[in-house]
Amino acid sequence: MMLNFLDALRAAGIPASIKEHLLLLEALDRDVIERRPEDFYYLARATYVKDEGLIDRFDQVFARVFKGLLGQDGVEAEIPEEWLRLVAEKFLSPEEMEKIKSLGDWDAIMKTLKERLEEQKERHQGGSKWIGTGGTSPFGHGGYNPEGVRIGGESRHKRAIKVWEKREFANLDSNREIGTRNIKVALRRLRRFAREGAADELDLDATIRGTARQGWLDIRMRPERHNAVKLLLFLDVGGSMDPHIKLCEELFSAATSEFKNMEFFYFHNCLYEGVWKDNRRRFAERTPTWDVLHKYGHDYKVIFVGDAAMSPYEISHPGGSVEHMNEEAGAVWLQRVAHTYPATVWLNPAPAEHWGYSQSTRIIRDLMNERMYPLTLEGLDDAMRELTRKR
């Protein structure tokens, strides 16, 4: 099984060597961990994975090779308390859902939440007023309400206008090659070749001409030919973007191989005053958006990638972000980017026929001056044509 594990890691593109394999076996032989599946997983991951971008790929291989390991006979498992609480959740009919009215605008919701926090003294579930689980209250999680604040738990109806919970997002895998060929072809419309830098490439034609003309070997060198287009890529991660991870990884991998002058940053839902490079350190290591606007010149092309699915407050209101209290509305930052970089487009992985049903999508589409395109081969082709259009 261990050798099969090593072969599976290599087949998935994880550079696992015999040396690392022997190191893992030695660690197991010396009992450096408790004999539990969870401990073995973390030991194997620390041994084989040297790039955080490959952790998701490692998880898939581990689950496939050791399938069923955690469910062997004799292993006791406790039913999570969270599962027991959700048993009490109300399953409402569409008619009942329509009868539930939201509290009103952003200010009313935040004011009511403050009052609830001051008044509530104990845990609640299944109700319509207090902060709890299930039910129809606008505060808590696991229930249904047109607008509210999710506190803990997982998203179920995608209706929260703010989330009070620290969430972890995974970095996109830049080495993913499955299905990227056609995306690369579409991105090549954005290429503009130039020869810049040191002359370190043999110019065969010039060498032949010079040699014939001079009568002796006349070696000519030239700078390497490369794509001179400069690209800024802003990637939405987490939340409603999770179902689109595979497609976004394919785009990210294709763009990384096609553009040498490319910089990328992550954001969540809408652009605000800070972006980041590493999702695992997104709270500790952020880059001010102002710095990005001042560092990269107006000749950069900009591509936003996101489904634009969020509460409209996240775009239109200060403090509307689901994760922090932003001083300026997201719309202000999007307008600044579009003004700084005339060649800006938005790629949306959600089906285009669904855009009209989302108020936030319509708002962002207006902010982008209708330059929103579906993340399909045809949509990519149209987006590249827009970015290459003379202004």
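The values are calculated or read from the model by the stated rules, or taken from the named source; none is laboratory data. Computed from a predicted structure; not experimentally measured. Reconstructed Cβ throughout: ideal geometry from the backbone, glycine too, with neighbour counts over all protein chains shown. In case anyone asks, the SASA skips ligands and DNA or RNA and just uses the protein heavy atoms, side chains included. Shrake-Rupley method; radii C 1.70, N 1.55, O 1.52, S 1.80 Å.
Some points to look at:
- Subset of the range 224-239 that is outside any strand (DSSP E or B) and open to solvent by less than 30 Å² (accessible area, probe 1.4 Å) - its residue that is modelled with the highest pLDDT: 237
- Meets criteria (open to solvent by less than 50 Å² (accessible area, probe 1.4 Å), in a loop (DSSP other than H, G, I, E, B) and touching a Cys at 6+ places or on another chain (Cβ under 9 Å)) for residue 360: no
- Within the range 258-303, the set of residues being more than 27 Å from residue 317 (Cα to Cα) and of a type in the set (S, T, N, Q) comprises 261 only.
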